[in-house]
Amino acid sequence: MANFKLGEGKYTVRSIAVRVVVIMVGVFITAYGAAAFITAVLGSDPVTAFVQGLGKVTGLSFGNAMNVFNAAFFVVVLILNWRTIGIGTVLYTFTLGTFADIFIRWINAAIGLEPSMGFRIGLIVTGTIALGIGLGLYQAAGLGAGPSDAFNQIMARKLKLQLRWWRIIFDVIMVVGALIMGGIVHAGTLVGMFLVGPVLGPVFNKMSPVVNKWAGNEDLVHEEL
């Protein structure tokens, strides 16, 4: 069977197929998380808030603005270090926003355009969990980081900063941009900044070896988050 060198290992066609399925499940769940934050109208994680503002100034739907945002970072990463781009990067770039728009329509149809505070808090809670699980699954597939994540990794290396410190700088830039463009920055922004990571880490650490087993790469070891 043919082997292909991608990401962190040499994968068979079966391995790639399994990982692509995991990626798409992760992207689908992540899209719900972003949509939940948007429809809660209580503020979103920094990137989602920035994209919300971008949609307001361009007249695009949230999902289309997300696709533009991801595509822009995809091009930047392509220029800075194309080797960080994988199949997962491409899938994430061009599908996340489309799924998010679908979920926004579904959520609005289910609970209305002005949900009660109880529903809004519930959306923040489920959105936080969904973002952590979705991003954890996506990263566990090991076929490339999302475009903005890849950009952050590249910039941290270029500036010789620990990734977590560069991420703080990046998040501040996103929040400032969101405020300038009219994105909602509120309690949900703090929730997104500080609580998604504690969900993402354990999901990634648990699912990475599981995905490797499903894909027939039991010998491949990922560094834990």
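Length available on full extension from Val172 to Val90: 0.36 nm per residue minus the Cα-Cα distance, which gives 26.9 nm.
The angle separating the long axis of helix 163-181 from the principal Cα axis of greatest extent in the chain is about 30 degrees. For the chain, a Gaussian network of Cα nodes joined below 10 Å ranks Leu123, Leu91, Leu113 by mean-square fluctuation, and the top entry is Leu113. For the Cα trace of segment 10-213, dividing Rg by the Kirkwood Rh returns an Rg/Rh value of 0.96. Listed from fewest to most Cβ neighbours within 10 Å, the set Met66, Met24, Met174 follows the order Met24, Met174, Met66. Here the Gaussian network model covers the chain, with springs between Cα atoms less than 10 Å apart; of Val76, Val196, Val41, Val76 fluctuates the most. For the pair Val125 and Lys56, the difference between a 0.36 nm per residue extended length and the Cα-Cα distance amounts to 22.4 nm.
Helix 147-159 axis versus longest C-alpha principal axis of the chain: approximately 70°, rounded to the nearest ten.
Think of each Lys and Arg Cβ as +1 and each Asp and Glu Cβ as -1; about the Cα centre, that makes the dipole of segment 1-153 roughly 380 debye. Taking the helices alone, the chain has a mean residue ellipticity at 222 nm of -26000 deg cm²/dmol, built from -39,500 (n - 2.57) per DSSP H run of at least 4 residues and averaged over all its residues. Among Leu96, Leu161, Leu200, the largest mean-square fluctuation in a Gaussian network model of the chain (Cα springs under 10 Å) belongs to Leu161. Relative to the first principal axis of the alpha-carbon coordinates of the chain, what is the inclination of helix 117-140, with its axis defined by its Cα atoms, in degrees from 0 to 90 and to the nearest 10? Taking the Cα atoms of the chain, the angle to 117-140 is about 20 degrees.
Every number in this text was worked out from the coordinates using simple rules, so none of it is lab data. What you are looking at is a predicted structure, and each value in this text was computed from that prediction instead of being measured. In this analysis, Cβ positions are derived from the backbone assuming ideal geometry, glycine residues included, and neighbour counts consider all displayed protein chains.
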